[in-house]
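Coordinate-derived values only; no laboratory data. Bear in mind that the values here come from a model prediction, so they are computed numbers and not experimental data. Heads up, the Cβs are rebuilt from the backbone with ideal geometry, glycines too, and the neighbour counts pull from every protein chain shown.
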Amino acid sequence: MSEAPAVSISDNRPLHRYEARLDGALAGFCEYEPGDGVVTFTHTVVQPEFEGQGVGSALALRVLDDARSRGLKVVPACRFIAAYIARHPQYADLVA
Ligand SMILES: CC(C)(COP(=O)(O)OP(=O)(O)OC[C@H]1O[C@@H](n2cnc3c(N)ncnc32)[C@H](O)[C@@H]1OP(=O)(O)O)[C@@H](O)C(=O)NCCC(=O)NCCS
């Protein structure tokens, strides 16, 4: 497994997406739909030049930790987030 890059992640609320940046460049994002007590993750994209470096995993970890800290359940409509939860069962209790 490759080492996780120094990635900075922020929640761009107006656009309903978490954005991952490497040296300021947008490397990827995770889109969501906010709901009542629940957040649905719809799509995750990492730019091809940044794929396979752990950016997607860093996004998954952040969005799931944020959902937990906000007391939200999650709907992993995005296949990548669903696969991440399957590999990290400590997040299984978050699934609505
Ligand atoms: C899927 C995607 C977001 C992964 O981003 P990434 O930064 O390359 O992911 P990581 O480097 O953190 O890899 C995480 C793991 O996810 C796995 N993975 C890659 N693509 C996957 C997919 N489509 N579904 C589930 N798991 C996937 C990798 O095998 C890797 O496993 P490993 O750590 O055991 O090697 C990226 O490849 C992408 O944007 N693909 C095109 C869009 C897409 O298919 N999105 C997913 C559906 S919403």
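Might you check whether a residue that is farther than 25 Å from ALA6 by Cα and free of Cβ contacts under 8 Å to residues at least 24 places away in the same chain occurs anywhere in region 36-49?
yes
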*Having 2 or more residues that are crowded, with 18+ Cβ neighbours inside 10 Å and in contact with a helix residue (DSSP H, G or I) (Cβ under 6 Å, 6 or more places away or on another chain) is the bar; report the strands (runs of 3 or more DSSP E) wholly within the chain that clear it.*
17-22, 25-34, 38-46, 73-76
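Table: residues versus (1) at positive phi; (2) out of contact with any Leu (no Cβ under 8 Å at 6 or more places or on another chain); (3) near the ligand (Cβ under 8 Å from one of its atoms).
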| position | (1), (2), (3) |
| --- | --- |
| GLU49 | no, yes, no |
| LEU59 | no, yes, yes |
| ARG70 | no, yes, no |
| LYS73 | no, no, no |
| ARG87 | no, yes, yes |
*Report yes if some residue within region 27-39 is touching a strand residue (DSSP E or B) at 6+ places or on another chain (Cβ under 6 Å), among the aliphatic types (A, V, I, L, M), more than 14 Å from ILE9 (Cβ to Cβ) and within 9 Å of the ligand (Cβ to nearest atom); otherwise report no.*
no
*Just name the residue that is farthest from PRO89 (Cα to Cα) out of those in region 50-69 that are in contact (Cβ under 8 Å) with a residue 40 or more places away in the chain and under 11 Å from the mean Cα position of the chain (by Cα).*
VAL55
